[in-house]
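Have a look at the structure below, then the notes.
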Amino acid sequence: MVSDSQPGHIDQIKQTNAGAVYRLIDQLGPVSRIDLSRLAQLAPASITKIVREMLEAHLVQETEIQEPGSRGRPAVGLMVETDAWHYLSLRINRGTIQLALRDLSSKSVVEEELELPLDDPQPLLTRIVTHIDQFFIRHQHKLERLTAIAITLPGIIDTENGIVHRMPFYLDVKEMPLGETLENHTGVPVYIQHDISAWTMAELLFGASRGARDVIQVVIDHNVGAGVITDGRLLHAGSSSLVEIGHTQVDPWGKRCYCGNHGCLETIASVESVLELAQMRMSQSMSSRLHEQPLTVTSLCQAAQQGDLLAKDIISGVGTHIGRIIAIMVNLFNPQKILIGSPFNEASETLFPAIADCIRQQALPAYSKHVTVESTQFSNQGTMAGAALVKDAMYNGSLLIRLLQG
Ligand SMILES: [Zn+2]
């Protein structure tokens, strides 16, 4: 628990300042102490102290920088030191687990994708722990100092306490204490975030929304959800930050959803639901190109791109369902940009106009006028989303302080 007493307050300030300085060095390095003092708005003495601790911990290193146009001796610049610090980034999705060892620059050292069957007599938590143990045994020789574990997965998650309340696909999961179990097992901090929220953070830190102030990122995949960036920050970061558009009811008589309700957007617009719909409608349209090959997301998208009427209609139907909800969000958040992350982006020429039309027709014209609909930079975010969690924990100082304390 964080107490309001003075020492806790001072620790918090120290953490925030150290995080801000680390961020500047990471993003601008090599950068001089004088520039850091100006940019971080901290006294030179504070910068000296923070930098000294980071140098001693081998989190930053000194290098020479020659200022352009200056004839004096080169200044001393600071850069982050990342190679000797590893973390495990882990992603669970429908039937698979991806494990990646990355260094603090987010560079992948080794990455694997393994099967994680949906129906298995062993509890999911046991299987995750086993996978992690075996991964570390296999790659022991490559492992530098382990700093953290970052996990992204779909579901309803208490990110603060590391508890996964419920998951789609792994229906036996109930109140899974994933964070605590792994912290006790490995001794390093564990960061857990919803797949889509973490992906939104990854796009903000490394991808298509870098530098943007207000963005709505919608993901249409096995599950459907959104992340919102408002004033340059992930909305509700630190708590459950997913904007649960996937569990907004669009059809009161629709299918039952894993969340307990009926007719959620996810039961209509998820990859599985769309393929199911396409399969049904194919029988009514014998001339469709969809009959030419096995039905997959790719074959559906390719047919739409080639002008197949049924395929185009199905894809634009996805856009209309999603677009209606996005139009409401545009009125709430007034973003400059809508990012779509989806395997259906292969048919973006059909999907994006359908979404944009909805926004134009259903949201406030003053807001919708300047909104663009674009693709996310990462098409399959993999373990990059977990990398964003670790980067964020370094920048807000929470992980950084732990590393400084050794
Ligand atoms: Zn639902």
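The values are calculated or read from the model by the stated rules, or taken from the named source; none is laboratory data. The structure displayed is predicted, hence computed values, not measured ones. Neighbour counts are summed over all protein chains in view; Cβ atoms, including those assigned to glycine, are modelled from backbone coordinates with ideal geometry.
Scan (1) at pLDDT 95 or above; (2) surrounded by 24 or more Cβ atoms within 10 Å (Cβ to Cβ) for the single condition PRO177 breaks and write down its number. The failed condition is (2). Taking every residue in region 363-379 that is assigned to a helix (DSSP H, G or I) and pairing it with any residue that is among the polar types (S, T, N, Q), at least 6 positions away or on another chain, the pairs with Cβ-Cβ distances below 9 Å are ALA366/ASN334; TYR367/ASN331; TYR367/ASN334; SER368/ASN331; SER368/GLN361; SER368/GLN362. Across region 243-264, a minimum of one residue is classified as at pLDDT 90 or above, hydrophobic (A, V, I, L, M, F, W, C) and crowded, with 21+ Cβ neighbours inside 10 Å.
Conditions (1) surrounded by fewer than 22 Cβ atoms within 10 Å (Cβ to Cβ); (2) under 20 Å from HIS194 (Cβ atoms); (3) touching a Ser or Thr at 6+ places or on another chain (Cβ under 9 Å), marked per residue:
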{"position": "PRO343", "(1), (2), (3)": "yes, yes, yes"}
{"position": "GLU346", "(1), (2), (3)": "yes, no, yes"}
{"position": "GLU349", "(1), (2), (3)": "yes, no, no"}
{"position": "TYR395", "(1), (2), (3)": "yes, yes, no"}
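Looking at ILE268, is it assigned by TED's automatic domain parsing to the domain that holds GLY323, within 30 Å of ALA202 (Cα to Cα), assigned to a helix (DSSP H, G or I) and among the β-branched types (Val, Ile, Thr)? So ILE268 fits the description; yes. How about region 262-273: which of its residues are closer than 11 Å to VAL224 by Cβ and near the ligand (Cβ under 9 Å from one of its atoms)? Correct list: CYS264, LEU265, GLU266, THR267. In this structure, does HIS321 turn out to be modelled with pLDDT of 90 or more and within 16 Å of the ligand (Cβ to nearest atom)? Yes; evaluated as a whole, the condition is true for this residue.
So is THR372 touching a strand residue (DSSP E or B) at 6+ places or on another chain (Cβ under 6 Å), under 18 Å from SER209 (Cα atoms) and surrounded by fewer than 19 Cβ atoms within 10 Å (Cβ to Cβ) or not? Write out each step before concluding.
Numbers: touching a strand residue (DSSP E or B) at 6+ places or on another chain (Cβ under 6 Å): yes; under 18 Å from SER209 (Cα atoms): yes; surrounded by fewer than 19 Cβ atoms within 10 Å (Cβ to Cβ): yes.
Yes, satisfied.
Criterion applied to PHE169, PHE206 was being at positive phi and buried (at least 16 other Cβ atoms within 10 Å of the Cβ), and the one residue passing it is PHE169.
Taken as a whole, the condition of being in contact with a Ser or Thr (Cβ under 8 Å, 6 or more places away or on another chain), modelled with pLDDT of 85 or more and over 30 Å from LEU295 (Cα atoms) does not apply to VAL224.
Kindly indicate whether any position in region 242-261 is in contact with a Phe, Trp or Tyr (Cβ under 7 Å, 6 or more places away or on another chain) and either more than 13 Å from the ligand (Cβ to nearest atom) or in the same structural domain as LEU332 (by TED's automatic domain parsing) (or both).
To start, the set of residues in region 242-261 that are in contact with a Phe, Trp or Tyr (Cβ under 7 Å, 6 or more places away or on another chain) comprises none.
No, there is no match, as no residue in region 242-261 is in contact with a Phe, Trp or Tyr (Cβ under 7 Å, 6 or more places away or on another chain) and either more than 13 Å from the ligand (Cβ to nearest atom) or in the same structural domain as LEU332 (by TED's automatic domain parsing) (or both).
Selection of first residues in region 256-273 that are among the polar types (S, T, N, Q) and of second residues that are more than 9 Å from the ligand (Cβ to nearest atom) and not in a loop (DSSP other than H, G, I, E, B), restricted to Cβ pairs under 8 Å at least 6 apart or on distinct chains, gives the following pairs, ordered by first then second residue: THR267/SER273; SER270/ILE220; SER270/VAL224.
Contact map, region 113-141: first residue within 13 Å of LEU101 (Cβ to Cβ), second residue in a helix (DSSP H, G or I), Cβ cut-off under 9 Å, separation 6 or more or different chains; pairs are ILE132/LEU182; ILE132/HIS185; ILE132/THR186; PHE136/THR186.
Rundown of residues vs (1) among the hydroxyl-bearing types (Ser, Thr, Tyr); (2) surrounded by 16 or more Cβ atoms within 10 Å (Cβ to Cβ); (3) assigned by TED's automatic domain parsing to the domain that holds ASP172, yes/no style:
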{"position": "LEU59", "(1), (2), (3)": "no, yes, no"}
{"position": "ALA75", "(1), (2), (3)": "no, yes, no"}
{"position": "ARG91", "(1), (2), (3)": "no, yes, yes"}
{"position": "ASP119", "(1), (2), (3)": "no, no, yes"}
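Scanning region 106-127 for residues that are aliphatic (A, V, I, L, M) and either part of a strand (DSSP E or B) or out of contact with any strand residue (DSSP E or B) (no Cβ under 7 Å at 6 or more places or on another chain) (or both) returns VAL109, VAL110, LEU114, LEU118.
Residues that are within 10 Å of TYR191 (Cβ to Cβ) and free of Cβ contacts under 8 Å to residues at least 60 places away in the same chain within region 385-406 are absent altogether. Pairs linking a residue in region 173-190 that is closer than 14 Å to ASN161 by Cα to a residue that is among the charged types (D, E, K, R) and at pLDDT 95 or above, with Cβ atoms under 8 Å and 6 or more positions apart or on different chains, are PRO189/GLU183; VAL190/GLU183.
Taken over region 134-149, the residue count meeting the criterion of being touching a Pro at 6+ places or on another chain (Cβ under 7 Å) and loosely packed, with under 11 Cβ neighbours inside 10 Å is 0.
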